[in-house]
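The values are calculated or read from the model by the stated rules, or taken from the named source; none is laboratory data. From a predicted model like this one, the values you see are computed outputs, not experimental measurements. Glycine gets a Cβ as well: all are built from the backbone with ideal geometry, and neighbour counts include every protein chain shown. Side chains included, ligands, DNA and RNA excluded: accessible areas come from the protein's heavy atoms. Shrake-Rupley method; radii C 1.70, N 1.55, O 1.52, S 1.80 Å.
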Amino acid sequence: MLKVAEKLPSAPANRTERAVVFAAREVIESVRRQKCNNILAGIGISHLAAWMATYMLRSNKVDVHLIVELGLFGYLPPPTKPFLVSVRGLDSCLMITDTINILGLIANNTQVLACISAAQIDKHGNINSTKIGDFFLFGSGGANDILTTAKEVIVTLLHDRRRLVEEVPYITCPGRNVKKVVTDRAVFEKDGDELILKKIYVKTGESEVDAISNITQNMGWKPKISNDLLQLDAPRREEILMLRCFDPDRHILGKF
């Protein structure tokens, strides 16, 4: 990764990069707290967060394995290949199997933390990735399977009132095991059966009061706010460089 990092731009993190970095930090915290031994990478920005977290945990001698629904166990993604599965990285796997074994055997019998994305999520953690009105999205895939068996689920998406809704119109996956929702502006944690605002990102030149207002106004419900509300530190240079090593051509990370 060092050779790739030397050629990367030094621009500050954009929205997508912030969401990925914040989610990776939460994955690391949850893996340590829950003593999870496997991280399941969903697709989209969530898999980049799972990748980052896995590399950072392993560099700190935490024995955790990255798994992918399609049958990859112990996968270590190579730099410059940002898509969920790269042929170039398959030789890193401890085992190559199939979806049935990943979702039916490993996810059911080990301590798995799932890091996934969603088209929409509501205040109870229910996910809709199936349809909005008459418009069909991409559907469940293995998301419903993993959400019902994982020790903990962390969902990451960009902060937008069209995606953070009070009640999803269609439940692709029940929110029972969703413990955290991470965006480019905030971290929500489950308190009882409802997500509450736990951490916020305050932009440069923005007050905490303004940040809370901007975050809550760009949501479909008025969230409860934690009594010990915390501020998220901006992505560090080393975090940004690691992330950009995976996607130097910005297929997923998008424009600066």
Query raised in the report: What fraction of the Cα pairs in the stretch 129-256, stated in percent, has a spacing above 23 angstrom?
Result: 43
Report summary line: In nanometres, the difference between 0.36 nm per residue of separation and the alpha-carbon distance of Asn101 and Phe136 is 9.7 nm
Query raised in the report: When the Kirkwood hydrodynamic radius is evaluated over all pairs of different C-alpha atoms of the chain, what value in angstrom, to one decimal, is obtained?
Result: 18.4
Query raised in the report: Relative to the compact globular guide of 2.2 N^0.38 Å, what is the alpha carbon radius of gyration of the stretch 131-192, as a ratio?
Result: 1.16
Query raised in the report: Whose amide H sits under 5 Å from the amide H of Ala186, counting only residues 5 or more places off or on another chain, with H placed in the peptide plane?
Result: Tyr201
**Report entry** Cα→Cβ-extended label distance, 7 Å offset, between Arg161 and Ile196, nm
**Finding:** 2.4
Query raised in the report: What are the ³J(HN,Hα) values, in whole Hz, obtained from phi via the Karplus relation 6.51 cos²θ - 1.76 cosθ + 1.60 with θ = phi - 60°, for each residue of the stretch 198-209 in sequence order, with x given for Gly and Pro?
Result: 10, 9, 10, 9, 9, 5, 4, x, 10, 7, 4, 4
Requested in this report: Hey, can you find the accessible area per residue of the chain for me, probe 1.4 Å, expressed in square angstrom?
Outcome: 47
Query raised in the report: Hey, rough spin-label estimate for Trp221 and Asp91, points 7 angstrom out along Cα→Cβ, what's it come to in nanometres?
Result: 4.9
Query raised in the report: Taking the alpha-carbon centroid of each part, what is the distance from the stretch 122-154 to the stretch 166-231 in angstrom?
Result: 18
Report task. For a label point 7 Å from the Cα of Asp249 along Cα→C-beta, name the residues of the stretch 8-31 whose backbone N is under 19 Å from it. Result -> 8-9
Requested in this report: Could you work out how far the C-alpha centroid of the stretch 1-70 sits from that of the stretch 86-105, in angstrom?
Outcome: 18
Query raised in the report: Roughly what would the spin-label model give for Val62 and Arg237, points 7 Å off Cα along C-beta, in nm?
Result: 2.5
Requested in this report: Keeping every protein chain in place, order Ser59, Ser140, Ser46 by accessible area at 1.4 Å, biggest value first, i.e. largest first.
Outcome: Ser59, Ser140, Ser46
**Report entry** Nearest-20 debye value, the stretch 1-145 charge dipole, Cβ charges on Lys, Arg, Asp, Glu
**Finding:** 500
**Report entry** Ellipsoid semi-axes in whole angstrom, largest first, where each is sqrt(5λ) of the Cα gyration tensor of the stretch 29-117
**Finding:** 17, 16, 12
Report task. Go through the stretch 76-84 residue by residue and turn each phi into a ³J(HN,Hα) via Karplus (6.51, -1.76, 1.60, θ = phi - 60°); whole Hz please, and just put x for glycine and proline. Result -> 10, x, x, x, 6, 10, x, 7, 3
Report summary line: Semi-axes (Å, rounded, descending) of the ellipsoid equivalent to the stretch 82-135 per its C-alpha gyration tensor are 28, 17, 11
Report task. Name the long-range amide H neighbours of Asp247: under 5 Å, sequence gap of 5 or more, or other chain; modelled H, no Pro or chain starts. Result -> Thr80
**Report entry** Rounded percent of accessible protein surface that carbon and sulfur make up, the chain, 1.4 Å probe
**Finding:** 53
Report task. State, in angstrom, two size descriptors of the stretch 15-62 derived from its alpha carbons: Rg to one decimal place and Dmax to the nearest whole number. Result -> 10.1, 30
Query raised in the report: Excluding ligands and nucleic acids, what accessible area in Å² is computed for Asp249 using a 1.4 Å probe, to the nearest 10?
Result: 110
**Report entry** Antiparallel DSSP beta bridges within the chain, percent to nearest 5
**Finding:** 45
